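Data first, discussion second: the structure below is written as structure tokens.
The values are calculated or read from the model by the stated rules, or taken from the named source; none is laboratory data. All figures in this text were calculated on a predicted structure; none of them were measured in a lab. No Cβ is skipped: glycine too gets one built from the backbone with ideal geometry, and neighbour counts run over all protein chains shown. With ligands, DNA and RNA removed, areas are computed over all heavy atoms of the protein, side chains included. Shrake-Rupley method; radii C 1.70, N 1.55, O 1.52, S 1.80 Å.
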Amino acid sequence: MAFQLHPITMKILVIGSGGREHALVWKLAQSRQVTGLWCAPGNAGISQERLASSGAAITCANVGAEDLPGQLALAKREGIDLTVVGPDNPLALGIVDLFQANGLKIWGVNRQAAQFESSKVFSQKFMERHGIPTAAAGTFDEPAAAKQFAAELGGRCVVKADGLALGKGVLICANQAEAEQAVDEIMVGKAFGTAGARVVIQEFLEGVEVSLHALCDGKVAKIFPTSQDHKRALDGDAGLNTGGMGTYSPTPFLTEAQLAEVSERVLGPFMWGCAAEGIDYRGLLYPGLMLTARGPRVLEFNARFGDPETQVYLTRLENDLAELLLASAEGTLAQHTLRWKTAASVCVVMASGGYPGAYAKGKEISGLTDAGALPDVKVFHAGTTWQEGKVVTSGGRVLGVTAWAEGLAAARKAAYAAVEKISFAGAQFRRDIGAKALP
Ligand code: AMP
């Protein structure tokens, strides 16, 4: 590893406002090299963080994540050295290209690379071209052919709108009637607008789902340990799909050896494929993976950090995150080795009552100080804001209560002990985060 005699100093801007961005800000604030930290738009928890180097406060600026000119103006005005992009939308809109065209350094994938997330058709075809293990699938721009393919799969299939649909564009179908209805909803009824002009239809795969994350710099991909998300709203994986109700890392469903094998079979061809097609993939690659009886299969690619995953990963990461993100942006990741605590980490999401459907906002949150005072616990904020000097709810997912300890059982216990200290009207959370992984 390179030894740095003269540490660089950096002013960093983090774009976004969720639990992922709070985890990024919290970890970046611990870097001795970070001398100024902004977040736009941020949330109540982010605004309470302090820099380790100086004790200085983090500034939350009221600029929306998708307000590209506003973010650019902010970065120029504050003399930002590195901008870190959290969410997928600004990446798909080309924020990286815009900043680079203005001579500013930014971390995240460019518009071309963001297609892996913004177009499922693009991803599916790429996987097929480069031999990345995935589900048997077809891509269609016309309903009759899509229905015909669903019939060939026996009707049991997954119909996916091509474009970004807030995580709602994936319909799981048990039979041909459901598959035809899904195709009609997406392609004819335009349930997701132009995102559904094309669809991917995949065979339905059974198995255990895990999240992979890898930091890429256009040349190398550094794989993270395993983690598992809990997408459904209710215990026992019941209820509606959400943005994620909790995560834990590592998961026992993939051994170190299996992770290395998956990494070789997925990340190897991915990076080679990008090189062959002139795609400069610098940023985070997050494949959603199904471990099937026939081996691992990639269901989809995301081109940014997973929200609840970030909270468990960054509480386990030992490296200086500012150094790693800079190396990812500059193409020098090969010089770095990712180092992780042996501790397991568990994140329990506390959400507003009714989420992912309609929910109320403005509920006062109590117990944050008590929970935050527990050792090896960090309460990340997602949908929170200030109202008359009090922290109140302002979104569906409100908090990511995260704890780490040696062993998953102890980490779960610590996370739930912190959850018990926090309350707000209508709070809902799953009680079984990480339970599947316990004997
Ligand atoms: P995606 O956004 O493509 O990851 O899909 C959302 C969720 O749908 C995944 O997390 C899986 O639980 C499920 N899913 C997607 N594709 C498949 C598939 N081919 N077989 C079974 N489940 C799937």
Give the number of residues within region 42-68 that are crowded, with 18+ Cβ neighbours inside 10 Å and assigned to a strand (DSSP E or B).
1
Could you name every one of the strands (runs of 3 or more DSSP E) located completely within region 112-217 that has at least 2 residues being open to solvent by 10 Å² or more (accessible area, probe 1.4 Å) and more than 12 Å from the ligand (Cβ to nearest atom)?
137-140
Quick check: anything in region 260-277 within 27 Å of A403 (Cα to Cα) and open to solvent by 30 Å² or more (accessible area, probe 1.4 Å)?
yes
For region 90-99, does any single residue satisfy the condition of being open to solvent by 10 Å² or more (accessible area, probe 1.4 Å), part of a helix (DSSP H, G or I) and of a type in the set (A, V, I, L, M, F, W, C)?
yes
Out of (1) open to solvent by less than 10 Å² (accessible area, probe 1.4 Å); (2) within 26 Å of L104 (Cβ to Cβ); (3) within 14 Å of the ligand (Cβ to nearest atom); (4) not aromatic (F, W, Y), the one D307 does not meet is (1)
For residues in region 341-374 being part of a loop (DSSP other than H, G, I, E, B) and in contact with a helix residue (DSSP H, G or I) (Cβ under 8 Å, 6 or more places away or on another chain), which is farthest from Q311 (Cα to Cα)?
G367
